[in-house]
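The values are calculated or read from the model by the stated rules, or taken from the named source; none is laboratory data. Everything quoted here is computed from the prediction, not taken from an experiment. As a convention, Cβ positions derive from the backbone with ideal geometry for all residues, glycine included, and neighbour counts pool all protein chains shown.
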Amino acid sequence: MKRVIKDYKSIGPELIQRLIRTFPDGIYEDDLISVTKPNGDKINVVELRTEDTVYLIKMNQELQARIDSFTGDFEDLDPYSDGYRESP
C-alpha cells in the first residue's frame, strides 16, 4: 500500500468528498495524528485510506472550515426545501 503526505491545497474534490464521507461529523482533535518532519517541525495530519493508498493530509484551520461548511449543523433546515426558497 502506498503512503502519501498531501497538503490540503493539493487535494482535489474527490479526496475532499472522501474526507466528508469518512468524517461526517467533522474532524476533531482525536482524529489528528501528530507527525514530526525531518527538520523537527511538527504537523497535524488526518489519515484517509483508499483502496490502494493511505493519505496523510496536513490539517490547518482553512481546511477545517472548508470541511465544516459541508458537515455543519443542519438541524434548523427544512428537509423539503431545495435551499433556494424560505420555509413557510
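Does Asp82 qualify as being within 20 Å of Met1 (Cα to Cα) and either among the charged types (D, E, K, R) or at pLDDT below 60 (or both)?
So Asp82 fails the test.
If you go through segment 22-48, how many residues are small (Gly, Ala, Ser), exposed (fewer than 13 other Cβ atoms within 10 Å of the Cβ) and within 16 Å of Asn60 (Cα to Cα)?
The number of residues fulfilling the criteria is 1.
Which pairs turn up if I take residues in segment 34-46 that are under 28 Å from Arg18 (Cα atoms) and in contact (Cβ under 8 Å) with a residue 12 or more places away in the chain and look for partners that are in a loop (DSSP other than H, G, I, E, B) and of a type in the set (Phe, Trp, Tyr) with beta carbon separation below 8 Å, at least 6 apart in sequence or on another chain?
Matching pairs, first to second residue: Val46/Phe23.
Among the residues of segment 21-44, what is the count of those that are part of a loop (DSSP other than H, G, I, E, B) and not polar (S, T, N, Q)?
Within segment 21-44, residues that are part of a loop (DSSP other than H, G, I, E, B) and not polar (S, T, N, Q) number 10.
Please verify whether segment 4-21 includes one or more residues that are loosely packed, with under 10 Cβ neighbours inside 10 Å, in contact with a strand residue (DSSP E or B) (Cβ under 8 Å, 6 or more places away or on another chain) and under 14 Å from Tyr55 (Cβ atoms).
no
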